[in-house]
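Colleague: Here it is, the structure, as structure tokens.
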Amino acid sequence: MSRRMPAIWTGPFTLTVLGTAALFVGFYVLLPVLPPYAERLGAGKGGVGLVISIYSLAAVAARLLAAGAMGGRARKVLLVAGLAGFAACAAAYSLVGNVPSLLGLRVLHGLAWGLATTGFGALVADLAPASRRGEAIGTWGLAPTVAMTVGPLGGAHLLASGGFPTVFAAAALLGLLAVAVVLPVEHAAGTHPVATRGGVHLPRGAWLPGVVLFLSNLSYGSLVAFLPVEVAGTPGRAGLFFTVFALAILVSRPFSGRLSDRHGRTAVIVPGLALGAVGTFLLGVPGSDAALAAAALLYGAGIGGAAFPVLMALTVDRCAPDERAAAVATFQTAYDLAIALGAALLGPVYARFGFLTMNAVAACAVGLSVVVLLLAKGDPRGAPDGGEGGGGRGTGS
């Protein structure tokens, strides 16, 4: 007779998912609105780019500096501080009157975002039962994906109907809603307040998943930047890709996590990366809307649906409980850097050799990530499969 599986949808986990959804909807509501707002304040194209990128850089700094202090109950304090800061900064956009003040506010907002997202990731890692960690993280990861499908549309609608102040007020209210939702969440059962670490701490066990994530998501950075440019002559094609991409993630994430709990992390990550590599290459091949949708389906299910959440579960598997916040911060930093550097590194390839060659190079980077993962089988921190479901001995289980 099989033993009863521990529950995932506990009260604290449900509140964590709802809080994450509220935060990310607030983020995506602002996403299509801030570039025209920066232009209205006098920023040129270069200034708009800086307004967007400085936010991510500040978030990376916040994650790396604060993760070592997110031990035990300090984790919730910093999470709530990040959410409150997100809400306050969103409301303050209506008060800035020039580009320098907007840039300063974006730095503060990015710092708050880094605290909030790292805090949520660490919290869900604590709440996830070790034997169902992949499934729990994959399920939690649906919240940002759902937010991505509704947030930008909501922001555009609010801008058209009420102007910039309405959008900023809505984002602030969503941040406050996230605060209200997360306040009742107590420290995860079975975990203990631990001594905090000072300064930047990058756990050794997080490096392998981080490198694999970085290499495999360079492709995402390039397609976000250049797919809209490539298909600009055909309205709706970029929207088709990202819609199918998001739907593929929504369908595949819960199943991929569950499979990794039962059969091991590598058994899901490697096929997922392989599908993603094929989808990346096919994206560069000129074709019909059906071919574009097929590329989005393979890429979304492989990279976003299978590899991403299971790599995060692997990160938690390989790190001790007192390192979870720092491990999540390292993982998220690798993702941020992949998005930023994917466009920077592959942009010259696109400009010189075209979209097909750029995607072929990006697909090779995904393939290289598979090689890195498989060659790390003998890593002294334990086999890449990690956690209980994979039969490994991750230190975090």
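The values are calculated or read from the model by the stated rules, or taken from the named source; none is laboratory data. All of these numbers come straight from a predicted model, not from anything done at the bench. Don't worry about glycine lacking a Cβ; one is built from the backbone with ideal geometry, like all the others, and counts go over all protein chains shown.
Colleague: Kindly evaluate LEU215 against the criterion of being part of a helix (DSSP H, G or I), at pLDDT 90 or above and touching a Leu at 6+ places or on another chain (Cβ under 6 Å).
Modeller: Taking the combined requirement at face value, the residue satisfies it.
Colleague: Tally up the residues in the range 355-387 that are at pLDDT below 85, of a type outside the set (Gly, Ala, Ser) and crowded, with 17+ Cβ neighbours inside 10 Å, please.
Modeller: So in the range 355-387, the residues at pLDDT below 85 come out as 376-387.
Filter again for of a type outside the set (Gly, Ala, Ser), leaving 377, 379-381, 384-385.
Still in the running and crowded, with 17+ Cβ neighbours inside 10 Å: 381, 384-385.
Qualifying residue count for the region: 3.
Colleague: Only one residue in ALA329, ALA291, ALA376, ALA325 is over 21 Å from ALA246 (Cα atoms) and more than 19 Å from the chain's Cα centre (by Cα), so which one is that?
Modeller: Working: ALA329 fails: more than 19 Å from the chain's Cα centre (by Cα); ALA291 fails: over 21 Å from ALA246 (Cα atoms); ALA325 fails: more than 19 Å from the chain's Cα centre (by Cα).
Only one candidate passes the filter, namely ALA376.
Colleague: Quick one: how many residues across the range 308-347 are in a loop (DSSP other than H, G, I, E, B) and either of a type in the set (Phe, Trp, Tyr) or surrounded by fewer than 19 Cβ atoms within 10 Å (Cβ to Cβ) (or both)? Working first, answer last.
Modeller: Here is the first cut: in the range 308-347, the ones in a loop (DSSP other than H, G, I, E, B) are 318-320.
Add one more test, that the residue is either of a type in the set (Phe, Trp, Tyr) or surrounded by fewer than 19 Cβ atoms within 10 Å (Cβ to Cβ) (or both), and what stays is 320.
Matching residues across the range 308-347 total 1.
Colleague: Can you give me the number of residues within the range 155-177 that are of a type in the set (Gly, Ala, Ser) and crowded, with 18+ Cβ neighbours inside 10 Å? Spell out the reasoning first.
Modeller: Taking the range 155-177 as the starting set, the residues that turn out to be of a type in the set (Gly, Ala, Ser) are 155-156, 160-163, 169-172, 175.
Still in the list and also crowded, with 18+ Cβ neighbours inside 10 Å: 155, 170-172, 175.
Going through the range 155-177 one residue at a time, the tally reaches 5.
Colleague: Identify, from the list ALA206, ALA171, the residue that is aliphatic (A, V, I, L, M) and modelled with pLDDT under 90.
Modeller: Numbers: ALA171 fails: modelled with pLDDT under 90.
The match here is ALA206.
Colleague: Could you tell me whether LEU158 is assigned by TED's automatic domain parsing to the domain that holds ALA81, at pLDDT below 85 and not small (Gly, Ala, Ser)?
Modeller: Numbers: assigned by TED's automatic domain parsing to the domain that holds ALA81: yes; at pLDDT below 85: no; not small (Gly, Ala, Ser): yes.
Answer is no for this residue.
Colleague: For PRO228, indicate whether it is outside any helix (DSSP H, G or I), more than 24 Å from VAL328 (Cα to Cα) and either at pLDDT 95 or above or of a type outside the set (Lys, Arg) (or both). Lay out the reasoning, then the answer.
Modeller: Working: outside any helix (DSSP H, G or I): no; more than 24 Å from VAL328 (Cα to Cα): yes; either at pLDDT 95 or above or of a type outside the set (Lys, Arg) (or both): yes.
No, not satisfied.
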